[in-house]
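Novice: One structure, as structure tokens, below. Some questions next.
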Amino acid sequence: MEVKDYMKLPYTRMVQEINDESGHYFYGSILELDGCQSTSDTLMGLYESLNEAMEGYFEVKQENNLPIPVPETTNNYSGKFLVRIPKSLHQRLVIEAEKEGVSLNQLALYKLAL
């Protein structure tokens, strides 16, 4: 595949708005491409700079005959996973869910999404 072909694939863009001692800006990375990241003062600028970072990433990988990860589709995932937790934590979560008037599953989903 050529760089332009990889650029058409649905890679996952992670975007975070930052306000720190260096000012206000946006940080973005490509989830599937380790180290592929960029920053910009605007969201549109971040989108453009991430595209440039991706192109550079793909070019370097191809020049060095290194494998390029492709994005995974949600079809490969069931949406379920099992987590074992201590009984005391289970108790606290059930009590918190009851206080909030939601199911334990809804509470866990909310906490994981943070």
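The values are calculated or read from the model by the stated rules, or taken from the named source; none is laboratory data. Predicted, not measured: the structure shown is a model, and the values here were computed from it. Note that we place each Cβ from the backbone using ideal geometry, even for glycine, and neighbour counts take in every protein chain shown. Side chains are part of the model used for accessible areas, which takes the heavy atoms of the whole protein and leaves out ligands, DNA and RNA. Shrake-Rupley method; radii C 1.70, N 1.55, O 1.52, S 1.80 Å.
Novice: Quick check on LEU112: is it out of contact with any helix residue (DSSP H, G or I) (no Cβ under 8 Å at 6 or more places or on another chain), more than 15 Å from MET7 (Cα to Cα), open to solvent by less than 80 Å² (accessible area, probe 1.4 Å) and assigned to a helix (DSSP H, G or I)?
Specialist: No; evaluated as a whole, the condition is false for this residue.
Yes/no matrix, rows are residues, columns are (1) among the aromatic types (Phe, Trp, Tyr); (2) under 24 Å from LEU114 (Cβ atoms):
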{"position": "ASP5", "(1), (2)": "no, no"}
{"position": "TYR11", "(1), (2)": "yes, yes"}
{"position": "LEU33", "(1), (2)": "no, no"}
{"position": "ASN65", "(1), (2)": "no, no"}
{"position": "PRO86", "(1), (2)": "no, yes"}
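Novice: Considering only the stretch 1-54, how many residues are hydroxyl-bearing (Ser, Thr, Tyr) and over 20 Å from VAL70 (Cβ atoms)?
Specialist: 9
Novice: On to the next question. Take GLU72 and tell me if it is open to solvent by 90 Å² or more (accessible area, probe 1.4 Å) and touching a residue at least 40 places away in the same chain (Cβ under 8 Å).
Specialist: Considered against the rule, which asks whether it is open to solvent by 90 Å² or more (accessible area, probe 1.4 Å) and touching a residue at least 40 places away in the same chain (Cβ under 8 Å), GLU72 comes out as yes.
Novice: Among the residues of the stretch 70-86, is any over 18 Å from the mean Cα position of the chain (by Cα) and not in a loop (DSSP other than H, G, I, E, B)?
Specialist: Within the stretch 70-86 (the criterion being over 18 Å from the mean Cα position of the chain (by Cα) and not in a loop (DSSP other than H, G, I, E, B)), the answer is no, since none of the residues qualifies.
Novice: With the structure loaded, tell me whether LEU50 is closer than 22 Å to VAL15 by Cα, open to solvent by 80 Å² or more (accessible area, probe 1.4 Å) and among the aliphatic types (A, V, I, L, M) or whether it fails that test.
Specialist: It is false that LEU50 is closer than 22 Å to VAL15 by Cα, open to solvent by 80 Å² or more (accessible area, probe 1.4 Å) and among the aliphatic types (A, V, I, L, M).
Novice: Name the single residue that is most open to solvent (accessible area, probe 1.4 Å) among those in the stretch 16-33 being assigned to a loop (DSSP other than H, G, I, E, B) and either in contact with a strand residue (DSSP E or B) (Cβ under 9 Å, 6 or more places away or on another chain) or not charged (D, E, K, R) (or both).
Specialist: Here the answer is LEU31.
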